[in-house]
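A.B. asks: Sharing a structure below in C-alpha cells format, with a few things to ask.
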Amino acid sequence: MKTAVLLLVAAGTAKRDEDLHALAARTRTEHRPAVARSAARAAKASRLLADHGHLLPPDLREKGQDLLNEHEFRLHAALDSANPGPALAAIEKREAGYLKAFRKLGGEGAVSKARKLPKDEERTKLRATREVLFEATGIDAEEPVWGAPFRALEGLFRAGHPVSSLAEREAPMEALGVSAKFFEDGTALTKRYHVALQPPCDCWTFGRDAVIKQAKIVAKSLKAPPLVDAWLDSIEADDARKLPSVGFGVSVEDGACKLYVLNYGGHELPPLPLVDALPRTARKQDRASSVMVSVEWKFGDMKTQQMRQYAVEAASGDVSVARQTQDERFAGDELVAALDGAFGVGQSEDIAVTAPFQYDKATTPPVVAAPLAKSGLKLKRQDGNIDSNAETDAKLAALLKAPGADAWLARSRVVRHALSNVQFGEGFVTLYRHPTVFGFVDPSSAPQHLALRNALTKNTHSLRRRLSGLTACDQAEEDFIDRAVWGSNPDDSTCAQDGKNPANAGMCPQSCQDDIACMIAACSDCALVDVACDEAIDTAAYPELARHVGGDVDSYDDLDIEDVPAGKIVRLPCGDSGLFNTMNLWGPDGCKYPYYGFMPVDTLCDECSSMYAAREAVLDGLWDGPCNEDDPPGDDDSLTLPSNYPGCGCDCADFLRRDLSCTSESCVNVAQAYAASNTVCAGDKLRWDTTSSSTGCETYGAGSPLTGSACLDAAGAVPNATCYRTPAAISEPGFPWPWPDVCYHMQRDAALGRRASALALVGAIVMMV
C-alpha cells in the first residue's frame, strides 16, 4: 500500500529532489526532457510544501506528502519498465491534469498571496472570544446594542459551523481591537472596542454578501443614520471592485458608534456616497492610496452624523510633519517628544473631519470641514514585537500620568496586541490596542481555513458574477471538492468528516456517495466544462496579457480561466475522463477502487470523441481505478480486499466493452469537435483548428491504442475473465440517487463553500505528481 512518509524536514525534501535530478542525468537521452520536467515540478512542489504546508490542515498536508512520494515511485517505475516512452507520456498527461486542478484552485496568484502571510504558531491559536471581550472592556457580547458588532464577527466564523460552547468560537484575535479614553478629571471611557468583519489583507474573508449581511445587522442594532446604510449598499453593489476592509467601533459610555471602510493593496475605495465631499488631509492622496474613511454617530440619533478620513500611508518618522490645513504642528509638543524619545513614533496621524450634518438619501447636504480637536501618533513596535508587553505598558503609563491608564493597560493586555496608537487633545488622551499584522490563520480551524481559502482565491470580489459564468458541471466539480476535501459546511455535507473517520476505513460513507452522485448527475448527458488552450501566450495578439507573463505563467492554461481570451477556451464535455480525473485526485480513499465503484452504468457522454478520450486516458494508464489500480489507497494493510484483486475490475471490463459510437468519419479529437469556429489552439496537449485553412478533424480508425489494462489480453481484447467487484458501487440496482434539492439545497450566491475557494497550495503540490 501507499505509505504516507512524512518528509517534514528540509533535508528529506532536498534529498528527494537531488535523487530525481540525478535520475534525469542517468536517463537515456530521449527520455531526459520528460524526467527533467517531472523533477523540476516535484522540486517546486516540495518547496511549496516546506514553505506553506503550515497553512494546510494536517490530513491535507499528509496528502501532499503522499502524492510527492507516489510521484517519485511512478517515475522510477516508468523508467524501469520495458517501454518507458508510453509510461512517461502517461505521467506527463497525469501532471497536466494536476496542473489544471492547481489553476482551478487559485494557481500562482494564491501561492504568491500565501507567501505574504505571517508565521507564528502561537498567534494562530489566539481567539477573540466573549471572555476576552468582557475582560478587556466589561462589555457582555449578549448586550443587545453594544454586543452587536462582536456577535456579527461570531456570525461570520460560525456560519455553517454550529457552536455548542463558547470555547468553540473561532474568530481570530486580529479581528478585535480595544481602546480607552482618559480625562484629566480622573474619568475614563473604557467600554470601547472595534471589530473587523473584513480585514485589510488577502488573509481571510467570507465574501461580500456575508460581510454586508452582518454589517447591516450591526447598523440596525446601533440605530445607524441613513448614510451608513447608503455606504453598505454601495459596497454591496460594487461587485467589480475588491471588497474593502469593513469594521465597526463602539464606545458605550458616550454612545459613540463608527463604521470604518479601508481600501488596501492598491485597490480603489468603492464610490461611497458623499465621500468625495470629505475635506482633504494634509498629505495629498489619490483614490488608490490606502485611506480609511468613517461615518460616526451617537446611538439613537438617526439623522446626524460626521465623516472622518485617515491618511494611512504616511512616511515613517514624520513626527514634525505640519498639517497646515488644520494649523496644527507636532514640533515642540512635550508629550510627543517624550513619547518619541521613549518609544519612537512611527507616524503622525493625518486626519480630516467634517462638521455634523444630516443626510436623508434624497438630498445632498452641505459638508464642511471642522477643526480637529485631537492629534494622533502611531507607535513603533518595541523590539519588532507586535505582542503586548507589561514593561512597555508600565513605561507608557508613567509618561502619560493619566488616572486609570495603568489598570486599563493591564486589563486590556488579554487581547495580546501591543499599544499601537496614542491620541491626545485638550484634557484627554486615548490609547489603542489595534492589530497591526494580519493573517495568523489556524488551518486546524475549519471556519478559519475556509476564510483563508476564500481570500487566497483571486476573485472573491466578483463572486456572483463569476458563479454566473460557470457551467453546471464546473460548479458541481467545485462543490464536490468543497464537500469531500475541505468540509466547508457540515450543514451542507459531512463527507469530509465522515471520510476521515477511522470507523469508515475502506468504505465510502453515504454522505460521500450522495456527493459523488450529485456530481455525476450534473456532469452527465455530455455536460460541458471550460478548458483553456495550453499554447504559449501571444502577447502581440493579446497585449493586455503581458502583465501576467513571467515566472510559471507562460501559456493560456496558466491563467485564471476568466483571463483567457475567448478564442483560446474550448467548452467540451466532462465525460468519463473528467470523472476519473476528479475522483482519483479528490475522492476520499474509501470511495475509490477497489473499495467503492464510482463508475455509473451509463457513460457521462455517449459521443465518439468523448468516449474515445476517456478510453485513451484509461488505457494510457493516466488514472488509477478499476482498470489500473493495483495498490489500494490509504495506509491500512489490514482492510479486506475483494476477491480476484488485484486484477481486472468488473467496472473496467464493462467500460472497455462499451460501444464507442464511432464510425470511420467520427472525429476523435474532442477539442476539435467542440471548439468555436475560426479559433486555433496549437498546444502540446490540446489542439484544434476551426479556421477555413484547417484540414479537418482526426477521424476514428482501427489503430487506436489498446494497452495498459489488466482487463486486456495480448491481442487487446476484453476476455470474459474473472474480475473483482467492489463491496459497494454506484451502479448497483436500486442505488438511492439523491434529489436535486439534496444536491443543491443552498443558494449558490449565499453558500460560503460554493466556489473555487480551495487553497491552491494543495494544487501546487499535486500538480507535479
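A.B. asks: Quick test of your reading of the structure: Ala541 fulfils all but one of (1) touching a helix residue (DSSP H, G or I) at 6+ places or on another chain (Cβ under 7 Å); (2) part of a loop (DSSP other than H, G, I, E, B). Name the failing condition by number.
C.D. replies: Failed condition: (1).
A.B. asks: Answer yes if at least one residue in the stretch 743-766 is open to solvent by 40 Å² or more (accessible area, probe 1.4 Å), in contact with a helix residue (DSSP H, G or I) (Cβ under 7 Å, 6 or more places away or on another chain), over 30 Å from Gln448 (Cβ atoms) and modelled with pLDDT under 70, and no otherwise.
C.D. replies: The answer is no; no qualifying residue exists.
A.B. asks: Among all residue pairs at least 6 apart or on different chains, which show Cβ distances below 9 Å where the first residue, located in the stretch 503-526, is at positive phi and the second is in a helix (DSSP H, G or I) and of a type in the set (Gly, Ala, Ser)?
C.D. replies: Gly506/Gly590; Cys526/Gly575; Cys526/Ser610
A.B. asks: Could you check how many residues of the stretch 216-275 are assigned to a loop (DSSP other than H, G, I, E, B) and closer than 30 Å to Thr190 by Cβ?
C.D. replies: To start, the set of residues in the stretch 216-275 that are assigned to a loop (DSSP other than H, G, I, E, B) comprises 222-225, 238-244, 252-255, 263-274.
In the following step, the residues that additionally are closer than 30 Å to Thr190 by Cβ were identified as 222-225, 244, 252-255, 264.
Final tally of qualifying residues: 10.
Every residue, every condition in (1) of a type in the set (A, V, I, L, M, F, W, C); (2) closer than 29 Å to Asn504 by Cα, yes or no:
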residue	(1), (2)
Ser638	no, yes
Leu656	yes, no
Leu660	yes, no
Thr679	no, no
Arg687	no, no
Cys697	yes, no
Ala714	yes, no
Gly734	no, yes
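A.B. asks: Please state which of the following conditions Ala373 fails to meet, knowing it meets all the rest: (1) open to solvent by 30 Å² or more (accessible area, probe 1.4 Å); (2) at pLDDT below 60.
C.D. replies: Tallying (1) open to solvent by 30 Å² or more (accessible area, probe 1.4 Å); (2) at pLDDT below 60, Ala373 fails exactly one: (2).
A.B. asks: Please go through the stretch 482-519 and give me each residue that is in contact with a helix residue (DSSP H, G or I) (Cβ under 8 Å, 6 or more places away or on another chain), part of a loop (DSSP other than H, G, I, E, B) and under 20 Å from Leu639 (Cβ atoms), ordered by number.
C.D. replies: Within the stretch 482-519, Ala505, Gly506, Met507, Cys508, Pro509 meet the criteria.
A.B. asks: Name the residues in the stretch 236-276 that are of a type in the set (Phe, Trp, Tyr) and within 30 Å of Phe183 (Cβ to Cβ), would you?
C.D. replies: Phe248, Tyr260
A.B. asks: Hey, does the stretch 248-255 have a residue that's within 24 Å of the chain's Cα centre (by Cα) and at pLDDT 95 or above? Give the derivation first.
C.D. replies: Taking the stretch 248-255 and keeping what is within 24 Å of the chain's Cα centre (by Cα), we get none.
No - not one qualifying residue is present in the stretch 248-255.
A.B. asks: Among (1) on the phi < 0 side of the Ramachandran plot; (2) crowded, with 20+ Cβ neighbours inside 10 Å; (3) in a loop (DSSP other than H, G, I, E, B); (4) not basic (Lys, Arg), where does Leu579 come up short?
C.D. replies: So Leu579 meets the others, but not (3).
A.B. asks: Within the stretch 367-438, which strands (runs of 3 or more DSSP E) (wholly inside it) include 1 or more residues that are farther than 16 Å from Glu184 by Cβ, small (Gly, Ala, Ser) and within 41 Å of the chain's Cα centre (by Cα)?
C.D. replies: Details: elements: 374-379, 421-425, 428-433.
Counting at least 1 such residues, we get 374-379.
A.B. asks: Return yes when Lys284 is modelled with pLDDT under 85, surrounded by fewer than 16 Cβ atoms within 10 Å (Cβ to Cβ) and in contact with a strand residue (DSSP E or B) (Cβ under 6 Å, 6 or more places away or on another chain) and no when it is not. If you could, list the steps in order and put the result at the bottom.
C.D. replies: On the way: modelled with pLDDT under 85: yes; surrounded by fewer than 16 Cβ atoms within 10 Å (Cβ to Cβ): yes; in contact with a strand residue (DSSP E or B) (Cβ under 6 Å, 6 or more places away or on another chain): no.
Spelling it out, it is not the case that Lys284 is modelled with pLDDT under 85, surrounded by fewer than 16 Cβ atoms within 10 Å (Cβ to Cβ) and in contact with a strand residue (DSSP E or B) (Cβ under 6 Å, 6 or more places away or on another chain).
A.B. asks: Has the stretch 720-728 got at least one residue that is polar (S, T, N, Q), surrounded by 11 or more Cβ atoms within 10 Å (Cβ to Cβ) and either modelled with pLDDT under 80 or closer than 20 Å to Pro490 by Cβ (or both)?
C.D. replies: Checked against the condition, which is being polar (S, T, N, Q), surrounded by 11 or more Cβ atoms within 10 Å (Cβ to Cβ) and either modelled with pLDDT under 80 or closer than 20 Å to Pro490 by Cβ (or both), the stretch 720-728 yields no hits at all.
A.B. asks: Return the pairs, sorted by first residue and then second, in which the second residue is open to solvent by 30 Å² or more (accessible area, probe 1.4 Å) and not in a loop (DSSP other than H, G, I, E, B), the first residue lies in the stretch 357-376 and is over 25 Å from Phe424 (Cβ atoms) and of a type in the set (Asp, Glu), the beta carbons are less than 9 Å apart, and the residues are 6+ apart or on different chains.
C.D. replies: Asp360/Pro226
The values are calculated or read from the model by the stated rules, or taken from the named source; none is laboratory data. These numbers come from a predicted model, not from an experiment. Cβ atoms come from the backbone with ideal geometry, glycine included; neighbour counts cover every protein chain shown. Accessible surface is based on the protein model in full, side chains and every heavy atom, while ligands, DNA and RNA are left aside. Shrake-Rupley method; radii C 1.70, N 1.55, O 1.52, S 1.80 Å.
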